[in-house]
Amino acid sequence: SRLKYNSPLGIDHAQSISNDIVLVSALANNSSFAHAIAKDVKVHHHVRFPDHHVYSISDIIAIHQKAEDCKADSILTTEKDMVKLIVPALVNEVSKKKWFYVPIEANFIKNGAEFDIMIKELIEENLAKPASAIEKPEALS
C-alpha cells in the first residue's frame with residue numbers, strides 16, 4: 001500500500017492555504033510527511049510532537065506564536081492530528097488562525113507491476129535529492 005496526500009482542507013473554514021506555512025505533526029515518522037508537504041509549499045517551521053500526542057491550549061498558543069514569528073499565513077497538520085484539534089476544549093483556540101489538514105488516502109497495490117512502478121518512482125525520487133537530505137531527513141525543517 002502507499003499513502004496519497006490530497007489537497008489541504010480548512011479546519012472550520014473554506015479559505016485557501018497559503019504557500020507559507022508552519023507544519024504541525026505528531027507521527028511516528030514525521031519526516032516522510034514533511035518531505036511530501038515540502039514539495040508543494042514553503043515550510044517555515046515544522047513543529048513535531050511524539051506519536052499519540054495529546055494537544056493542549058498551551059501547545060496551540062505556542063504554534064500560533066511560531067506562525068506569527070515565521071510570518072506564515074497558514075498552519076498545516078495531518079488528518080490524524082486534526083481530529084485531536086477539533087475537540088471542544090481546543091477548537092475555539094484553533095479557530096483563531098487559518099489551520100488546514102491533509103486528507104490521506106491509502107492506495108493498495110493490486111499486482112506486482114504496480115509494486116515495481118512504486119519502487120522505481122521512489123528510487124528516482126531519492127536519486128534526485130541531495131545526499132544530505134536523504135541521509136538526514138530533518139535537514140528539510
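Suppose the filter is surrounded by fewer than 19 Cβ atoms within 10 Å (Cβ to Cβ), within 22 Å of Glu105 (Cα to Cα), touching a strand residue (DSSP E or B) at 6+ places or on another chain (Cβ under 9 Å) and among the acidic types (Asp, Glu); does Asp73 pass it?
In short, no.
Would you confirm, using the coordinates I've provided, whether Lys80 is of a type in the set (Lys, Arg) and within 12 Å of the chain's Cα centre (by Cα)?
Yes: the conditions hold for Lys80.
Could you tell me which numbered condition Lys110 fails, if it satisfies all but one of (1) at pLDDT 75 or above; (2) more than 24 Å from Arg48 (Cα to Cα)?
Lys110 satisfies every listed condition except (1).
Taking segment 41-72, which residues are more than 16 Å from Val83 (Cβ to Cβ) and small (Gly, Ala, Ser)?
Result: Ser58, Ala62, Ala67, Ala72.
Listed residues Ala34, Ala26, Ala72; which is touching an Asp or Glu at 6+ places or on another chain (Cβ under 9 Å), closer than 30 Å to Asp116 by Cα and of a type in the set (A, V, I, L, M, F, W, C)?
Result: Ala34 is the single residue among Ala34, Ala26, Ala72 that is touching an Asp or Glu at 6+ places or on another chain (Cβ under 9 Å), closer than 30 Å to Asp116 by Cα and of a type in the set (A, V, I, L, M, F, W, C).
Inside segment 2-59, counting only strands (runs of 3 or more DSSP E) that do not spill past its ends, which hold 2 or more residues that are open to solvent by 20 Å² or more (accessible area, probe 1.4 Å), on the phi > 0 side of the Ramachandran plot and touching a strand residue (DSSP E or B) at 6+ places or on another chain (Cβ under 7 Å)?
In segment 2-59, no matching strands (runs of 3 or more DSSP E) lie anywhere.
The values are calculated or read from the model by the stated rules, or taken from the named source; none is laboratory data. This structure is a prediction, so every number in the text was calculated from the model and none was measured. Every residue, glycine as well, gets a Cβ built from its backbone with ideal geometry; the counts of neighbours run over all protein chains shown. Just the protein is used for accessible areas: all its heavy atoms, side chains included, with ligands, DNA and RNA removed. Shrake-Rupley method; radii C 1.70, N 1.55, O 1.52, S 1.80 Å.
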